[in-house]
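What follows is a set of notes on a single structure, which appears directly below.
No lab work stands behind these numbers, since they all come straight from the coordinates. Values in this document were obtained by computation on a predicted structure and should not be read as measured data. Note that we place each Cβ from the backbone using ideal geometry, even for glycine, and neighbour counts take in every protein chain shown.
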Amino acid sequence: MKKYSVVLIGCGYIGRQHLEDIYFRDNIRIAGVVDFNEEVAKETATLYRAESYDTDYLNYLKRDDVDIVIIATYTKTHLNILRDCVKYGKHVLCEKPLASTVEDVNEFERIATEADVKVTIGLILRHNKSYHKIYEMIQNDMIGHPIVFRLAQNQHALNWNRFLHLLEDTPPLVDCGIHYFDLMEWFTGSEVVAINGMKGQADYLPEGKHNYNIASVKLADGSVGYYEVVWGKAATVDTLKEFVGPKGHIKLVYKEHRLTHHEMGDLIEFYDSETNEYKEINVDAKYKPMYEQLAHLIDAIENDSSTDEEVKHACHVNRMLIEACNAHPDFIQYRAPSYKD
């Protein structure tokens with residue numbers, strides 16, 4: 001078994017989520033961690049047994065023994081770090097969003113798809129067992145077609161400084177929505193053709209920033225839905241994940257939100273409208289399977305398989321949501337072009 005030397009850039013919340021699930025793996029060596037805050041980098045290195053830490057990622061990119069870089073910094077830094085990683089021949093797992101402007105997304109896509117190294121994107125739901133099970137149920141026509149998506153991912157932002165930093169780069173529709181708009185296209189095999197919605201802001205936000213989005217969505221196959229997201233000091237945590245079809249519906253309840261039997265994992269509730277019966281399915285799923293993401297990249301490296309399509313699709317969704325948020329100062333009314341054209 002080859003042991004891959006990995007460097008993490010960005011020791012914040014999501015960076016540590018990566019390390020938590022990979023540092024103990026037999027095929028992984030954490031060569032180093034990087035953060036502009038030296039104390040944070042040092043603490044992270046100690047906590048997750050990294051061999052070293054630094055405030056300058058270029059010191060690692062110049063090393064021949066580094067194989068993979070995980071980019072977990074703020075969105076506006078992703079493009080430049082990707083450019084440097086490709087220059088020095090390092091494979092990349094980059095967190096979403098990929099960029100905060102359409103121009104930078106386009107450049108990210110160009111660099112990643114023309115690179116001689118492998119680049120994968122942190123669309124974590126693509127590696128979650130519960131979502132794989134729901135995808136399988138939908139493909140087996142258990143709820144019929146078209147689908148109504150009812151999706152919410154609202155955050156009670158107790159650590160407000162963290163979310164304020166995120167808002168400096170992108171609104172929540174772009175930052176979190178990229179997962180769920182990708183999900184809608186993945187589950188249907190179709191494309192989003194229109195987005196309509198509203199955005200709002202709390203009075204404690206900086207000028208020009210907003211922390212609330214609700215968007216109604218139409219897909220080319222006739223499926224529709226909505227997605228709601230808020231980051232707020234007084235917001236209610238809400239993780240609604242429901243998929244409704246003419247033959248039934250599926251609802252996902254994460255294990256920590258179950259009323260009972262948390263030890264059984266996530267709960268998938270399936271209702272069959274033809275038999276008027278409910279069925280409960282337990283899935284032993286990790287909400288953020290970071291190692292599975294990294295294993296996907298390693299598989300692409302070892303089998304020399306192309307990751308271009310997943311990069312193109314992630315860029316398509318990222319670009320679409322930026323354009324939707326920029327369509328009008330208060331009201332989103334956006335028709336999405338096909339990324340396949």
Open item on the list: I'd like to know how the chain sits against the 2.2 N^0.38 Å rule of thumb: what's its Cα Rg over that expected value?
Closed with: 1.00
TODO: Counting other beta carbons within 10 Å of each Cβ, put Leu321, Leu167 in order, fewest first.
DONE: Leu167, Leu321
Open item on the list: 7 Å from Cα along Cα→Cβ at both Ser52 and Glu103: what's the point-to-point distance in nm?
Closed with: 3.6 nm
TODO: Tally the DSSP beta bridges in the chain and give the antiparallel ones as a percent, rounded to 5.
DONE: 60 percent
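Suppose the chain between Glu20 and Trp160 were pulled fully straight at 0.36 nm per residue; how much longer would it get relative to their current alpha carbon spacing?
On the way: separation 140, 0.36 × 140 = 50.40 nm, distance 2.29 nm.
My answer for the length gained is 48.1 nm.
Efficiency by 1/(1 + (r/R0)^6): what FRET value for Asn140 and Met1, r their Cβ-Cβ distance, R0 = 41 Å, to the nearest 0.05? List each step's numbers first, then the result.
Working: r = 35 Å, r/R0 = 0.86.
Calculated transfer efficiency: 0.70.
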Task: Percentage relative contact order, the chain, counting C-alpha pairs under 8 Å, at least six apart - done: 18 percent
- [ ] Set the Förster radius R0 to 30 Å, insert the Cβ-Cβ distance between Tyr287 and Ala220 as r into 1/(1 + (r/R0)^6), and round the FRET efficiency to 0.05.
- [x] 0.50
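Students often check this: by mean Cβ neighbours within 10 Å, which of 63-72, 198-207, 50-59 ranks highest, and how do the rest follow?
Working: 63-72: 19.9, 198-207: 12.2, 50-59: 16.2.
Highest to lowest by the protection proxy: 63-72, 50-59, 198-207.
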Task: Table column - 3J(HN,Hα) (Hz), segment 133-141, Karplus curve with 6.51, -1.76, 1.60, x for Gly and Pro - done: 5, 5, 4, 4, 5, 5, 5, 7, 6
TODO: Could you please rank Asp266, Asp116, placing first whichever residue has the fewest other Cβ atoms within 10 Å of its Cβ?
DONE: Asp116, Asp266
Open item on the list: For Ser338, project a label point 7 Å along Cα to C-beta. Then give me every residue of segment 156-190 with its amide nitrogen under 13 Å of that point.
Closed with: 190
Open item on the list: Modelling each spin label as a point 7 Å along the Cα-to-Cβ direction, I'd like the Tyr88/Lys129 distance in nm, to one decimal.
Closed with: 3.7 nm
Task: Cα-based helix-to-principal-axis angle, 308-326 vs the chain, degrees rounded to 10 - done: 70 degrees
Open item on the list: Between helix 38-47 and the chain, what is the angle of the helix's C-alpha long axis to the longest principal axis, kept within 0 to 90° and rounded to the nearest 10?
Closed with: 80 degrees
- [ ] Just rank His316, His296, His262, fewest to most, by other beta-carbon atoms within 10 angstrom.
- [x] His262, His296, His316
- [ ] Could you name the lysines whose alpha carbon sits less than 25 Å from that of Lys199, not counting residues in the same chain fewer than 8 places away?
- [x] Lys76, Lys96, Lys209, Lys218, Lys233, Lys241
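Find the eigenvalues of the gyration tensor of the Cα atoms of segment 116-254, then list the square roots of 5 times those eigenvalues as equivalent ellipsoid semi-axes, largest first, in whole angstrom. Kindly include the intermediate steps, with their values, before the conclusion.
Working: eigenvalues 157, 59, 43 Å².
Those come to 28, 17, 15 Å.
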TODO: Read phi for every residue in segment 97-102 and hand back ³J(HN,Hα) as whole Hz from Karplus 6.51 cos²θ - 1.76 cosθ + 1.60, θ = phi - 60°, with x for Gly and Pro.
DONE: x, 6, 7, 10, 10, 4
- [ ] Report the extension gain between Ala194 and Glu168 in nm, rounded to one decimal, defined as 0.36 nm multiplied by the number of residues separating them, less their alpha carbon distance.
- [x] 6.7 nm
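Please give the net charge around Thr46, taking every other residue with its beta carbon less than 15 angstrom from that of Thr46, where Lys and Arg add +1 and Asp and Glu add -1. Intermediate values should be presented prior to the final figure.
On the way: positive: Arg16, Lys42, Arg49; negative: Glu20, Asp35, Glu38, Glu39, Glu43, Glu51, Asp54.
Local net charge: -4.
Is there a pair in Lys118/Lys251; Lys288/Lys312; Lys62/Lys286 whose C-alpha atoms are over 26 Å apart, and which pairs would that be? Intermediate values should be presented prior to the final figure.
Values: Lys118/Lys251 35 Å; Lys288/Lys312 22 Å; Lys62/Lys286 34 Å.
Too far apart for the 26 Å limit: Lys118/Lys251; Lys62/Lys286.
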